[in-house]
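J.: Below you will find the structure I want to go over with you.
The values are calculated or read from the model by the stated rules, or taken from the named source; none is laboratory data. Quick caveat: nothing in here was measured; it's all calculated off a predicted structure. Reconstructed Cβ throughout: ideal geometry from the backbone, glycine too, with neighbour counts over all protein chains shown. When the accessible area is computed, the model is the full protein with side chains, heavy atoms only, and any ligands, DNA or RNA have been set aside. Shrake-Rupley method; radii C 1.70, N 1.55, O 1.52, S 1.80 Å.
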Amino acid sequence: MPETYTFYIDESGDAGTSRVRSGTEGGASPYMTLGGVLVRDSDAHGVEQFLTGLVSDLGIRTLYCADMNHQRKVHYARSSAAQPIVCFGVISFKQTLEEYKEDIGDEYWRYYHKCAQYLLERLGRFLQKHNIPKETVRIVFEGSNHIRLSTFQYFVSRCQQNPVRRQTALLSHIDTSNILTAGKTDVPLLCLGDLTAHALYQCVNKAQHNYGNPEMRYAYELRSCFFASSQTNKILNWGIMPIHAICDLQLDQDVHVFLRDLQSNV
């Protein structure tokens, strides 16, 4: 029997595009990130046991980053990096949407679907590189209003039939019938998708509680888990996809350099 895998996906920030928060006006987050974590099913029980122990060690009820302080999140990311997982993520800056934002109107889920497409392209590249059959990989999104499952499956199948970009052809390694949604409490390992998405989101989040300073520590602690180039060991454009290029994200210079040079060092 071939090995089977599950890819756990969650987001940080939100998918709203019609009204985006600025310095003077409220609204949706300027950035959205998606995080995906691939786990071999034969390893899943051990990873789940690790997570259960971590909940006890940290003295918390759930492993969701929005409910943790900085020190707990650092420990969570650092200890998770020792687990047999592979991380992927995308970062989107909504100011780059331009005409696309007008095209989708209030159908914010279409924006989420597009970002999810880019995330699955990263997964497809990994599956291609490691000769993993698409039929052996289950893809689980955290269920929310952001994803319309049957519509997304159809969207991916249309991309597979007509790949307009070279990277889109990587979706041929995705089995749309294996794309599912589930609740956070139903699938414990979804919290790892949340961790990955949160780690990337904090690289671009200039929150008031953090005095407007992005926080790169969580992504740094997870660096050994990200899919990376076998030649350069660099993660950008392999495990981490900026939409559509790192310069489009309008990052602070130190964050730009951090992501550009980040390596998957063990």
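J.: When a/c reaches 1.5 or more, the comparison of a/b and b/c decides; with that in mind, is segment 40-93 rounded, prolate or oblate per its Cα gyration tensor?
T.: Here segment 40-93 falls in the oblate category.
J.: Which one of Asn178, Asn131, Asn233 has the biggest mean-square fluctuation once the chain is modelled by GNM with Cα springs under 10 Å?
T.: Looking only at Asn178, Asn131, Asn233, the biggest GNM fluctuation is shown by Asn131.
J.: Roughly how many Å² is the accessible area per residue of the chain, as a whole number, for a 1.4 Å probe?
T.: Using a 1.4 Å probe on heavy atoms only, each residue of the chain averages 47 Å².
J.: List the relative contact order of the chain as a percent without decimals, with contacts defined as Cα pairs under 8 Å and 6+ residues apart. Walk me through the numbers on the way to the answer.
T.: Values: 460 pairs, mean separation 70.6, N = 266.
In percent, rounded to a whole number, it is 27.
J.: Roughly speaking, to the nearest percent, how much of the chain's 1.4 Å accessible area is carbon and sulfur?
T.: Ligands and nucleic acids excluded, carbon and sulfur give 46 percent.
J.: Of Ile85, Val55, Ser150, whose Cα points farthest to the positive end of the dipole of the chain (charges on the beta-carbon: +1 Lys, Arg; -1 Asp, Glu; origin at the Cα centre)?
T.: Ile85
J.: As a test of understanding, state the convex hull volume per residue of segment 120-251 from its alpha carbons, in Å³.
T.: 147
J.: List the Cys residues of the chain that have no partner Cys with a C-beta closer than 4.7 Å.
T.: That list is Cys65, Cys115, Cys159, Cys191, Cys203, Cys247.
J.: Restricting to the chain, what percent of DSSP beta bridges are antiparallel, rounded to 5?
T.: For the chain, the DSSP antiparallel bridge percentage is about 55.
J.: What's the extension gain from Ala66 to Ser42 if we count 0.36 nm per residue and subtract their Cα-Cα distance?
T.: That pair, Ala66 and Ser42, stretches by 5.7 nm at full extension.
J.: How far apart, in nm, are the 7 Å Cα→Cβ label points at Thr4 and Arg165?
T.: Each label point is offset 7 Å from its Cα along the Cβ direction, giving 3.2 nm.
J.: Among 38-47, 110-119, how do they line up by average Cβ neighbours within 10 Å per residue, starting with the highest?
T.: Most protected by this proxy first, the peptides run 110-119, 38-47.
J.: I would also like to ask the following. Between segment 198-247 and segment 93-123, what is the C-alpha centre distance in whole Å?
T.: Taking the Cα centre of segment 93-123 as reference, the centre of segment 198-247 is 19 Å away.
J.: By the gyration tensor of its Cα atoms, with a ≥ b ≥ c the square roots of the eigenvalues, what is the shape of segment 1-153: rounded for a/c under 1.5, prolate for a/b over b/c, or oblate?
T.: Details: a/c = 2.41, a/b = 1.29, b/c = 1.86.
Verdict is oblate for segment 1-153.
J.: Grab the beta carbon distance between Gln253 and Asn145, set R0 = 25 Å, and tell me the FRET efficiency rounded to 0.05.
T.: With a Förster radius of 25 Å, E is 0.10.
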